[in-house]
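**Q** Structure incoming, see below.
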Amino acid sequence: FDICKRNSDLVEIRLIEPITGKTYSGYFKDIDTILKAIKPYEHCNAYWVLNRINEACYSRAQHDKFIAKPKETTSDNDIIGYDFVFIDVDVTRPSGVCSTDEELAYAKKKANDIYVYLRSEQITNCIVAVSGSGVHILVRVALKNTPERHKLVKDFLDALGMMFSDERVHIDGSVANAARLCR
């Protein structure tokens with residue numbers, strides 16, 4: 001948690017039950033409260049909002065707890081600024097199908113190629129993690145959430161897609177939205 005957020009930063013976590021698809025949401029400001037609240041939901045897939053959320057969202061019903069089927073969750077309009085550009089390196093496969101070991105290895109190789117390219121362009125403040133079926137590269141940035149900045153992030157991701165996508169791996173520009181969830 002400390003790699004991506006300061007302990008006082010507001011974060012929304014969403015949980016999805018793998019069988020029923022039931023969704024839970026919670027807004028939190030410290031890791032101890034998150035760990036206590038998430039314990040009963042260990043069977044769920046967990047996602048978090050990458051970017052800086054407007055502090056007013058902490059007043060929502062899911063303040064320091066998870067609630068099912070929340071009325072409101074973080075939207076692009078609730079994001080003050082981009083803390084990360086999210087590069088999703090995923091193998092091409094049908095929806096709901098996990099990657100094979102071979103496919104994951106290929107995604108890792110492709111992510112490494114992207115990482116080497118970013119470093120060659122002096123983009124060095126990255127976090128790389130396996131997502132389960134692919135690889136996430138989070139590039140730390142400090143950008144206000146404006147239409148111009150959104151376009152900049154989308155264009156950057158689209159350019160990476162043109163450079164590194166192939167018949168087996170896709171770099172998706174649609175993950176440029178400010179309220180992007182990350183696994």
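The values are calculated or read from the model by the stated rules, or taken from the named source; none is laboratory data. Predicted, not measured: the structure shown is a model, and the values here were computed from it. Counting neighbours? That spans all protein chains shown, and the Cβs are built from the backbone with ideal geometry, glycine included. Surface areas here come from the heavy atoms of the whole protein model, side chains and all, with no ligands, DNA or RNA. Shrake-Rupley method; radii C 1.70, N 1.55, O 1.52, S 1.80 Å.
**Q** Ordered by residue, what ³J(HN,Hα) values in Hz, to whole numbers, does the range 152-159 give under the Karplus form 6.51 cos²θ - 1.76 cosθ + 1.60, where θ = phi - 60° and Gly and Pro are x?
**A** 4, 5, 4, 4, 4, 5, 5, 5
**Q** Heavy-atom accessible area per residue, the range 81-130, 1.4 Å probe: how many Å²? Please list the in-between numbers first.
**A** Working: 2820 Å² over 50 residues.
Using a 1.4 Å probe on heavy atoms only, each residue of the range 81-130 averages 56 Å².
**Q** If you don't mind, there's one more thing I want to ask. Quick one: if you stick a label point 7 Å off each Cα along the C-beta vector at ASN112 and VAL130, how many nm between them?
**A** Simple spin-label model gives 1.3 nm for this pair.
**Q** Please compute the modelled spin-label separation between GLU102 and ALA61, points set 7 Å along Cα→Cβ, answer in nm with one decimal.
**A** 4.8
**Q** Checking the table LYS39/LYS69; LYS110/LYS154; LYS39/LYS144; LYS71/LYS144 against a 23 Å threshold on Cα-Cα, which pairs fail? All intermediate terms of the calculation are to be shown ahead of the outcome.
**A** Values: LYS39/LYS69 18 Å; LYS110/LYS154 20 Å; LYS39/LYS144 34 Å; LYS71/LYS144 26 Å.
Beyond 23 Å: LYS39/LYS144; LYS71/LYS144.
**Q** What is the chain's relative contact order, in percent, from Cα pairs under 8 angstrom and six or more apart in sequence? Walk me through the intermediate numbers first.
**A** Details: 321 pairs, mean separation 43.0, N = 183.
It rounds to 24 percent for the chain.
**Q** Taking the simple approach of a point 7 Å from Cα along Cα-to-Cβ for both ILE19 and ALA142, what is their distance in nm?
**A** Using points 7 Å along Cα→Cβ, the separation is 4.8 nm.
**Q** Find which of ILE80, ILE3, HIS136 sits farthest along the positive direction of the dipole of the chain, computed with +1 on the beta-carbon of Lys and Arg, -1 on that of Asp and Glu, about the Cα centre.
**A** The residue sitting most towards the positive pole is ILE80.
**Q** How about LYS22: which aspartates and glutamates have a C-alpha closer than 16 Å to its C-alpha, ignoring those fewer than 8 places off in the same chain?
**A** Output for LYS22: GLU42, GLU72.
**Q** [x] 1.02; [y] 0.97; [z] 1.16: which one is Rg/Rh (Cα atoms, Kirkwood Rh) as calculated from this entry?
**A** Computing Rg/Rh (Cα atoms, Kirkwood Rh) and matching it to [x] 1.02; [y] 0.97; [z] 1.16 gives [y].
**Q** Oh, and also: Add +1 for every Lys or Arg and -1 for every Asp or Glu among the other residues with Cβ under 15 Å from the Cβ of ALA129, and state the total.
**A** Values: positive: LYS5, LYS108, LYS110, ARG140, ARG180, ARG183; negative: ASP2, ASP88, ASP90.
Charge balance near ALA129 sits at +3.
**Q** Assigning unit charges at the beta carbon (Lys, Arg +1; Asp, Glu -1) and nothing else, what dipole magnitude in debye, to the nearest 20, does the range 128-183 show about its Cα centre?
**A** On the way: 8 positive and 6 negative charges, 70 e Å.
Magnitude of the dipole: close to 340 debye.
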